[in-house]
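Undergrad: Sharing a structure here in structure tokens format.
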Amino acid sequence: MAVPILHQVKQALANLNPGEVRESALRPVHIGLAAASHESLAQMEALLVPPHLSARRRLESLPLIHHLGSGASEHCDIEIYESSLLRPRHAFSLDLESPEDCLRQILRQRDDLLLPLARQFYPFRKPAAHHVIRSIAKENALFCLATALPDVVPFLAWVPWAVGEFGSDAAFLTVNQIRMGFLLAALSDRTPGYREQRSEIASIIAGAFGWRALARELVGKIPFGGGLVPKAGIAWAGTFAVGLSLERLYRLGYGFTRQERRAVYEEAYDHGRQIAGMLLEGLRNNKTV
């Protein structure tokens, strides 16, 4: 069974372009800041471009930050105001005591800028990486559910590379995890690509057969399709574990050991089952409309 899956993976990879991911991450993002004092403004700048960064990274990021006023907002993709100030509706409010809330809100509302924001401004990287990991894990769980239900055609508009049909869930999950690897590399200021990430891609493909065997064993033990939610939960948890390992690799230079990845997977599995249950309910409700 491995040969057909690898053939499907190879075909799908032809539609997966890491160059597009790389170009998206290189787009300059200009941020405008407004604060009540010079001290607060300096704190906001230090938040976006921490002093521990290399001189090269600081020189690349600091010119992208502008002080709002005298028409500066015309050139800004995002405007951030200190929380004590009145702000326009399109701007974001930043509390210097808890800046993480503002960063997450920006990523939710401007997901079109997720890759370049994370690459150019270090504090966005970890929340952006977790956003990507959870999104891809959800896509994989949804695919497992949709392809198993009768009369349900998977809605793949959110996965631009997915053209044609897949003979197995394993092929789709594997390629989508490779896509996740490209995204995580790009937002971590690494170069995404087949050659640049050949070891990570090989690890993802090798691990796919382990998740597939586990899912088949589990579903086979539960009659009447009762293993559908656990199977989708495995897809979610397996993708989540792979993603966290890649995020740590690009952030610290080393990923999880096999034991660590297994521990992360086991911890994530229950959460994955809950998400799969909610997705399944949504799919069934759509069928009855």
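The values are calculated or read from the model by the stated rules, or taken from the named source; none is laboratory data. Source: prediction; values computed, not measured. Virtual Cβ from ideal backbone geometry, glycine too; neighbours counted across all protein chains shown.
Undergrad: Hey, can you tell me all the residues within the stretch 192-207 that are of a type in the set (Ser, Thr, Tyr) and surrounded by fewer than 15 Cβ atoms within 10 Å (Cβ to Cβ)?
TA: First, the residues of the stretch 192-207 that are of a type in the set (Ser, Thr, Tyr): 194, 199, 203.
Tyr194, Ser199, listed by residue number.
Undergrad: Separate question: With (1) outside any helix (DSSP H, G or I); (2) closer than 14 Å to Gly181 by Cβ; (3) at pLDDT below 85 as the list, and Pro223 as the residue in question, which single condition is left unmet?
TA: The single condition Pro223 does not satisfy is (2).
Undergrad: Scan the stretch 177-195 for residues that are in contact (Cβ under 8 Å) with a residue 40 or more places away in the chain and either among the basic types (Lys, Arg) or over 19 Å from Lys126 (Cβ atoms) (or both) and jot them down.
TA: Selection gives Gln177, Ile178, Arg179, Arg190, Thr191, Gly193, Tyr194.
Undergrad: Still on this structure, I have one more. Show the residue pairs meeting these rules: Cβ distance below 6 Å; 6+ apart or different chains; first residue within the stretch 100-128 and without any contact (Cβ under 8 Å) to a residue 60 or more places away in the chain; second residue among the charged types (D, E, K, R).
TA: Pro127/Arg104
Undergrad: Can you confirm whether Leu113 is at pLDDT 95 or above and either more than 25 Å from the chain's Cα centre (by Cα) or of a type outside the set (S, T, N, Q) (or both)? I'd like the intermediate steps shown before the answer.
TA: Details: at pLDDT 95 or above: yes; either more than 25 Å from the chain's Cα centre (by Cα) or of a type outside the set (S, T, N, Q) (or both): yes.
So Leu113 fits the description; yes.
Undergrad: Within the stretch 64-89, take every residue that is surrounded by fewer than 16 Cβ atoms within 10 Å (Cβ to Cβ) and part of a helix (DSSP H, G or I) and give me the one that is modelled with the lowest pLDDT.
TA: Only one residue tops the list, namely Ala72.
Conditions tested, residue by residue: (1) over 25 Å from Asn15 (Cβ atoms); (2) at pLDDT below 70; (3) of a type outside the set (S, T, N, Q).
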{"position": "Ile201", "(1), (2), (3)": "no, no, yes"}
{"position": "Ile205", "(1), (2), (3)": "no, no, yes"}
{"position": "Val219", "(1), (2), (3)": "yes, yes, yes"}
{"position": "Val229", "(1), (2), (3)": "yes, no, yes"}
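Undergrad: Determine, yes or no, whether Ile5 is surrounded by 14 or more Cβ atoms within 10 Å (Cβ to Cβ), β-branched (Val, Ile, Thr) and at pLDDT 95 or above.
TA: Values: surrounded by 14 or more Cβ atoms within 10 Å (Cβ to Cβ): yes; β-branched (Val, Ile, Thr): yes; at pLDDT 95 or above: no.
Taking the combined requirement at face value, the residue does not satisfy it.
Undergrad: Here's something else I'd like to know. With Glu23, Glu39 as the choices, which residue is closer than 30 Å to Arg195 by Cα, without any contact (Cβ under 8 Å) to a residue 40 or more places away in the chain and in a helix (DSSP H, G or I)?
TA: Glu23
Undergrad: Follow-up. For the stretch 81-114, name all the residues that are over 25 Å from Arg22 (Cβ atoms), among the hydrophobic types (A, V, I, L, M, F, W, C) and in contact with a helix residue (DSSP H, G or I) (Cβ under 7 Å, 6 or more places away or on another chain).
TA: Passing the criteria: Phe92, Leu94, Leu96.
Results for (1) assigned by TED's automatic domain parsing to the domain that holds Ala276; (2) among the hydrophobic types (A, V, I, L, M, F, W, C); (3) buried (at least 21 other Cβ atoms within 10 Å of the Cβ); (4) modelled with pLDDT of 55 or more, shown as yes or no for each residue.
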position: Ile133; (1), (2), (3), (4): yes, yes, yes, yes
position: Ile136; (1), (2), (3), (4): yes, yes, yes, yes
position: Asn140; (1), (2), (3), (4): yes, no, yes, yes
position: Phe143; (1), (2), (3), (4): yes, yes, yes, yes
position: Thr147; (1), (2), (3), (4): yes, no, no, yes
position: Asp151; (1), (2), (3), (4): yes, no, no, yes
position: Leu156; (1), (2), (3), (4): yes, yes, no, no
position: Val163; (1), (2), (3), (4): yes, yes, no, no
position: Gly167; (1), (2), (3), (4): yes, no, no, no
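Undergrad: Name the single residue, out of those in the stretch 28-62 being of a type in the set (Asp, Glu) and surrounded by 12 or more Cβ atoms within 10 Å (Cβ to Cβ), that is farthest from Leu96 (Cα to Cα). Steps first, answer last, please.
TA: So in the stretch 28-62, the residues of a type in the set (Asp, Glu) come out as 39, 45, 60.
From what is left, the residues that are surrounded by 12 or more Cβ atoms within 10 Å (Cβ to Cβ) are 45, 60.
Details: Glu45: 11, Glu60: 23 Å.
Among them, the one singled out is Glu60.
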